[in-house]
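Since every read-out is calculated from the coordinates, none of them should be taken as a lab result. For clarity, every value in this text was computed on a predicted model and none was experimentally measured. Here the Cβ is made from the backbone with ideal geometry for all residues, glycine too, and neighbour counts use every protein chain on show.
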Amino acid sequence: MAGKTIDIGRVGIWTGALDSVPSAEAQKLAARIEELGFPTLWIPETIARDPFVTATLLLGATSKLKIATGIANIYARDALTMANTQRSLEEAFPGRFLLGLGVSHEHLVDRVRHHDYSKPYSAMVKYLDDMDNALFIGVGPAERPATVLAALGPKMLTLAGTKADGAHPYFVPVEHTAQAREILGPDPILAPEQMAVLETDRSKALEIARGGMAIYLRAPNYVNNLKRLGFTDDDVADGGSERLVDAIVVSGTVDDVRQRVQAHFDAGASHVCVQVLSENLTTVPEPAWKDLAAALNG
């Protein structure tokens, strides 16, 4: 399976805010992101709109923008459905959709979706095998397009480089990017997400950053990954130490964001997707996207 390629460019936009506006408005925002020169838009799957419906609408409203899922939950669809949805989007929009898959988190799988999260790694291994073996008789590619995994730990990163086409680590510092590249090897896609706050007032920037981080510091997968990287219980308590906040979220000017993105590239990233945080998490940060466009796509 591994070895397929897709040109997602160097710097993309990651946002969940499009679920907070009507689909027609989301289509206009995707067109605006394309006009700003960003090659790829990453959208999540949680408990909002279906990401594949959204991806179809956004692809149809643009001409060259790539859409990537960051991530689609393997517990939400069986492997055949996922594989053939991927093929369907490739047939309709060749080379413009990247499937990001992940095992999500225990509370979202066990309590929200009522599935069994006891063996997420084994579930992903079997899921990828089942996707590769999925029957497909429609018009579209016989071979599935590229897939990346939401990988944090060494085992999932290794799987991302051998059974998929790369990794999309989320909520990680630059140090993780360096470790991920070492595990993946030189060729697979490595597309970390980078949170950013365009605010030079230190107190306000910390407040916004901690607001964006809060939900993730309650998720054991992310906390365990941070501890593997040397952060402590004190770092993840009370909204996050300044050391942790600064490692996960870059705040300040456009140039500060540019430098952090470059640090990911220097550490081995092939693509970085920037998530702009706002005081209200449902706010669409379009002005910030415009401010970042020239610096990140120049």
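Between beta-carbons, use under 13 Å as the cut-off and find the net charge around F136, counting Lys and Arg +1, Asp and Glu -1.
Details: positive: R87, R144; negative: E90, E91, D130, D132, E143.
Residues near F136 contribute -3 overall.
When only C-alpha pairs under 8 Å and at least 6 residues apart count, what is the relative contact order of region 58-186, in percent?
Relative contact order for region 58-186 comes out at 25 percent.
For the residue pair K28 and A237, what label-to-label distance in nm results when each label sits 7 Å from Cα along the Cα-to-beta-carbon direction?
Once both label points are built, they end up 4.8 nm from each other.
Please enumerate, by chain and number, the lysines with C-alpha under 17 Å from the C-alpha of K28, excluding those fewer than 8 residues away in the same chain.
K64, K66, K290
For region 18-24, what does the Karplus curve 6.51 cos²θ - 1.76 cosθ + 1.60, with θ = phi - 60°, yield as ³J(HN,Hα) per residue in whole Hz, taken in order and with x for Gly and Pro?
Rounded to whole hertz, the list is 5, 6, 8, 10, x, 4, 4.
Could you derive backbone 3J(HN,Hα) for region 84-92 from the dihedral phi with the Karplus parameters 6.51, -1.76 and 1.60 (θ = phi - 60°), listing whole Hz in sequence and x where the residue is Gly or Pro?
Listing the rounded values in order: 7, 5, 4, 4, 5, 5, 5, 5, 6 Hz.
Report the calculated FRET efficiency for I47 and V139 (r = Cβ-Cβ distance, R0 = 30 Å), to the nearest 0.05.
Working: r = 33 Å, r/R0 = 1.09.
Working from the Cβ atoms, E equals 0.40.
Between beta-carbons, use under 11 Å as the cut-off and find the net charge around L41, counting Lys and Arg +1, Asp and Glu -1.
Overall, the nearby charge balance is +2.
Pull up the cross-link candidates among the aspartates and glutamates for K227, meaning alpha carbon to alpha carbon under 14 Å and not fewer than 8 places away within one chain.
Candidates past the 8-residue exclusion: E175, D235.
Once amide H atoms are built 1.01 Å from N in the peptide plane, which residues 5 or more positions from L190, or in another chain, come under 5 Å H to H?
A167, S270, H271
Computed over the Cα atoms of the chain, what is the convex hull's projected area averaged over all directions, in nm²?
The orientation-averaged projected area of the Cα hull of the chain comes to 14.1 nm².
What's the center-to-center distance, using Cα atoms, between region 19-90 and region 242-294 in Å?
21 Å
Report, ordered by chain and residue number, the aspartates and glutamates lying within cross-link reach of K163, taken as a straight Cα distance under 12 Å and ignoring same-chain residues fewer than 8 apart.
D129, D130, D132
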